[in-house]
Structures are given as C-alpha cells and as structure tokens.
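The values are calculated or read from the model by the stated rules, or taken from the named source; none is laboratory data. None of these values were measured; they are calculated from a predicted model. Glycine gets a Cβ as well: all are built from the backbone with ideal geometry, and neighbour counts include every protein chain shown. All accessible areas refer to the heavy atoms of the entire protein, side chains included, with ligands and DNA or RNA removed. Shrake-Rupley method; radii C 1.70, N 1.55, O 1.52, S 1.80 Å.
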Amino acid sequence: MAKEFLTDVKTLRARARKHIEKGAVTEGYRADRATVIRILNEALATEIVCVLRYKRHYFMASGINATSVAQEFLQHANEEQGHADQIAARIVQLGGEPNFSPEGLLTRSHAEYVEGEDLVDMIKEDLVAERIAIDSYGEMIRYLGNDDPTSRRMLEGILAMEEEHADDLVGMLDDLEK
Ligand SMILES: [Fe+2]
Ligand SMILES: [Fe+2]
C-alpha cells in the first residue's frame, strides 16, 4: 500500500486559515517550539560571546603588530555576528524573543570568554571555543532532525563555518609554532 504522505487539500486549506497571526508557525510544525527557542537563545549567547572574544583578540593582536592574525580574528568576529543575526531572526520567526541581555550571557553561552595572555594563547582559546560550538551545533542538529528543517539547515550552515574557523585556527597555530 502506498504511504499517505500529504494531508488532503481541503484540510490543508482550512488549517492554514486558522491562527494566521502565527505566521510561519503552522499546525504542521513538529518540533517543541519552546525548546527550540531556548536552544536557539543559547546558540545566540554563544555567538555573542564569540564576537566579544574575537573583538578583544583583534584589538590586542593589532597592538602587538600581528597584522595577519588580527585580520583573521576580525573576520571571525564579523562572521560570528552574522550567525547571531541569523539565529535572532529565526527565533522571531518562530514566535519567540531573542535574548540579548548581558545579564547571564556567559551562563547561557556554551563557549567561554577567555582573554588569553599572548597570541598563541588567544588562538588556542578561540580554537577551544570553536570546538565547543562544533559539538553543541552537532547536538542541536541531531535533536531537530526532521522536526524543524529550516532551523536545522540554518544550524548546518553555521556549523560548517565553525569547522572552517577551527581549521583556520589550527593553521595559524602551526604557522606560529614553526
Ligand atoms: Fe558562529
Ligand atoms: Fe566560529
């Protein structure tokens, strides 16, 4: 017997007319919305902490004339900011509120804010933070599965960039240790 894969058109049309104020969130939304919003807010906090740490590293590295490393820090800071914006937009789309409060930011964040003593230290701390992000995004992606494919795909894109960041940082460490 063929698998029934689509609700009949009449039901689909009727359902769509109900609760139109919910916008993109329809009756067919399969994930637990409150949980998804909570984990996206944790991801948002993580990205904000990463922006702050990379900015600190950028300005400190600029001071010690490590121009190419500083540029890399700046690029990462900007990319983390882009991730934060994407995540905040998705939270709103899901009917939630993005938490930008500085209060409790470090508790919500998975990654830490470590200033680092010197250039090698900074790079190592950034690498640790990226590795934390890689693992937590992986878990979120597996949790979402097919229940919220839009959030999942967004996180997959972000994860791929965190992997690039980690790879860049390992390369920078290798160069410095030569
Ligand atoms: Fe990021
Ligand atoms: Fe990153």
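Among what's in segment 55-65 and is closer than 22 Å to residue 100 by Cα and surrounded by fewer than 24 Cβ atoms within 10 Å (Cβ to Cβ), pick the residue that is farthest from ligand 2 (Cβ to nearest atom).
Going residue by residue through segment 55-65, those that are closer than 22 Å to residue 100 by Cα are 55-57.
Checking the rest, the ones that are also surrounded by fewer than 24 Cβ atoms within 10 Å (Cβ to Cβ) come to 55-56.
On the way: 55: 13, 56: 15 Å.
Of everything passing the filter in segment 55-65, 56 is farthest from ligand 2 (Cβ to nearest atom).
Do we find a residue being closer than 18 Å to residue 164 by Cα and within 16 Å of ligand 2 (Cβ to nearest atom) anywhere in segment 93-109? No, because not a single residue in segment 93-109 is closer than 18 Å to residue 164 by Cα and within 16 Å of ligand 2 (Cβ to nearest atom). Return a yes/no flag: does segment 136-146 have any residue that is at pLDDT 95 or above, within 16 Å of the chain's Cα centre (by Cα), within 11 Å of ligand 2 (Cβ to nearest atom) and closer than 22 Å to residue 58 by Cα. Looking for residues that are at pLDDT 95 or above, within 16 Å of the chain's Cα centre (by Cα), within 11 Å of ligand 2 (Cβ to nearest atom) and closer than 22 Å to residue 58 by Cα, one finds none in segment 136-146, hence no. If you go through segment 99-108 and keep only what is open to solvent by less than 40 Å² (accessible area, probe 1.4 Å) and within 12 Å of residue 44 (Cα to Cα), you end up with just 105.
Residue 36 falls short on exactly one of the conditions (1) open to solvent by 30 Å² or more (accessible area, probe 1.4 Å); (2) away from ligand 2 (no atom under 16 Å from the Cβ); (3) among the hydrophobic types (A, V, I, L, M, F, W, C), and that condition is (1).
Sub-6 Å Cβ pairs linking a first residue in segment 72-89 that is under 17 Å from residue 152 (Cα atoms) to a second residue that is within 9 Å of ligand 1 (Cβ to nearest atom), at least 6 apart or interchain, are 83/47; 83/158; 84/47; 87/43, ordered by first then second residue.
Is it the case, given these coordinates, that residue 175 is within 13 Å of ligand 1 (Cβ to nearest atom) and open to solvent by 50 Å² or more (accessible area, probe 1.4 Å)? Write out each step before concluding.
Numbers: within 13 Å of ligand 1 (Cβ to nearest atom): no; open to solvent by 50 Å² or more (accessible area, probe 1.4 Å): yes.
So residue 175 does not fit the description; no.
Listed conditions (1) over 17 Å from the mean Cα position of the chain (by Cα); (2) surrounded by fewer than 21 Cβ atoms within 10 Å (Cβ to Cβ); (3) at pLDDT 95 or above; (4) within 19 Å of residue 175 (Cα to Cα) are all met by residue 72, apart from (2). The residues on offer are 111, 84, 129, and the sole one that is hydrophobic (A, V, I, L, M, F, W, C), touching an Asp or Glu at 6+ places or on another chain (Cβ under 6 Å) and surrounded by 18 or more Cβ atoms within 10 Å (Cβ to Cβ) is 84.
When residue 21 is tested against the conditions (1) surrounded by 10 or more Cβ atoms within 10 Å (Cβ to Cβ); (2) within 30 Å of residue 100 (Cβ to Cβ), the lone failure is (1). Restricting 33, 15, 38, 53 to those that are under 30 Å from residue 77 (Cα atoms), basic (Lys, Arg) and without any contact (Cβ under 8 Å) to a residue 24 or more places away in the chain reduces the list to 38.
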